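Participant: Just dropping this structure here.
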Amino acid sequence: MAKILIVDDEPRIRDLIRENLQFAGFTCAEAADGGAALTALSQGGIDLVILDIMMPFMDGMTCLREMRTRKIMTPVIMLTARSEEYDKLAGLEGGADDYVVKPFSPRELVARVKAVLARTMPAPDANGSVYTFGDLVIDTASHSVKVSGQEVTLTPKEFDLLVFLVSNKGIALSREKILQKVWNYDYYGEDRTVDTHIKMLRSHLGHCRNYIVTVWGIGYKFDPDTL
């Protein structure tokens, strides 16, 4: 069963999350700030992080940025008392996979944990597929992407988005369709969530960035034959 790292400076919040995750069959580890979380992550064995934004010593956003800088691509669900769009987008742009706003429903949080893990932990016997488009190579079994032979580091959400676009090559996909399929549950997100992830994904793909085409008035499509 997956192991979840709960990072929050409030013991009662950690207790609430841990009890609900354990009831759902997960194992848990805990940390009270970002620095302790990085130490736990460096030891390996963590499948997902629930990361509070507002913490002393090292806050959640700083921890998330340091994770991605260190190439720790463990999926992250941000936990925050803030509800402004800016804070949500800042977390997503920093490499988070999802966010939950306090006060939250423990059942909703568990559902989101399951949804993220379903996308980022493929079945061991899954054969996967390899997609090759010019200099772009995507291996779904190993969750790896290469551009001109060089490994490209993507967050789990960015990888899911790329695979979804590729698997629908040439089809114009609305932002609503992308939210529904890539986020994989009843996600009450905003169009800017998709736009933000597309922007980040393109930034990683170098000269292959133009394979992701904006379809004005609709959304996006993957078209490796575009000029």
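Participant: For the chain, what is the Kirkwood hydrodynamic radius in Å, using each pair of distinct C-alpha atoms? Intermediate results must be reported in sequence, preceding the final value.
Facilitator: Working: mean 1/r = 0.0550 Å⁻¹.
It works out to 18.2 Å.
Participant: If packing is taken as the average count of other Cβ atoms within 10 Å, what order do 4-14, 102-112 fall into, highest mean first?
Facilitator: Working: 4-14: 18.7, 102-112: 14.4.
Ranking, from highest mean packing down: 4-14, 102-112.
Participant: Sticking with this one: Of the chymotrypsin sites (Phe, Trp or Tyr not before Pro) in segment 1-71, which ones lie in a loop per DSSP and count no more than 15 other C-beta atoms within 10 Å? Walk me through the numbers on the way to the answer.
Facilitator: Working: sites: Phe23, Phe26, Phe57; in loops: Phe26, Phe57.
When the chymotrypsin sites (Phe, Trp or Tyr not before Pro) of segment 1-71 are filtered for loop state and at most 15 Cβ neighbours within 10 Å, Phe57 remain.
Participant: Pick from Thr120, Thr27, Thr69: which is most flexible by mean-square fluctuation in a GNM of the chain where alpha carbon atoms under 10 Å apart are linked?
Facilitator: Taking springs between Cα atoms under 10 Å, the residue moving most is Thr69.
Participant: Here's something else I'd like to know. Pulled fully out, how much extra length does the chain show between Asp139 and Ala24, if you take 0.36 nm times their separation in residues and subtract their Cα-Cα distance? Before the final figure, lay out each step's value.
Facilitator: Working: separation 115, 0.36 × 115 = 41.40 nm, distance 3.10 nm.
This chain segment gains 38.3 nm when fully extended.
Participant: Something else: Taking the Cα-to-Cβ direction at Lys146 and at Val215 and moving 7 Å from each Cα, how far apart do the two end points lie in nm?
Facilitator: Distance between label points: 3.1 nm.
Participant: List, in order, the whole-Hz ³J(HN,Hα) value for each residue of segment 151-161 obtained from phi through the Karplus relation with A = 6.51, B = -1.76, C = 1.60 and θ = phi - 60°; use x for Gly and Pro.
Facilitator: Taking θ as phi minus 60°, the curve returns 5, 10, 8, 10, 6, x, 5, 4, 5, 4, 5 Hz for segment 151-161.
Participant: Over 31 Å between Cα atoms: which of Lys102/Lys157; Lys146/Lys221; Lys114/Lys199; Lys102/Lys146 fall into that group?
Facilitator: Values: Lys102/Lys157 22 Å; Lys146/Lys221 20 Å; Lys114/Lys199 26 Å; Lys102/Lys146 38 Å.
Beyond 31 Å between Cα atoms: Lys102/Lys146.
Participant: Once both labels are modelled 7 Å past Cα along the beta-carbon direction, what's the Glu66-Asn168 spacing in nm?
Facilitator: 3.8
Participant: Compute from the Cα atoms of segment 26-84 the Rg and the Dmax, the latter being the longest Cα-Cα distance, and quote both in angstrom.
Facilitator: Taking only Cα atoms of segment 26-84, I get Rg and Dmax of 10.9, 34 Å.
Participant: With charges set only on the Cβ (+1 for Lys and Arg, -1 for Asp and Glu), what does the dipole of the chain come to about its Cα centre, in debye to the nearest 20? Write down the numbers at each step before the final one.
Facilitator: Values: 26 positive and 31 negative charges, 82 e Å.
Computed charge dipole of the chain: roughly 400 debye.
Bear in mind that the values in this text are calculations on the coordinates, not laboratory data. Computed from a predicted structure; not experimentally measured. As a convention, Cβ positions derive from the backbone with ideal geometry for all residues, glycine included, and neighbour counts pool all protein chains shown.
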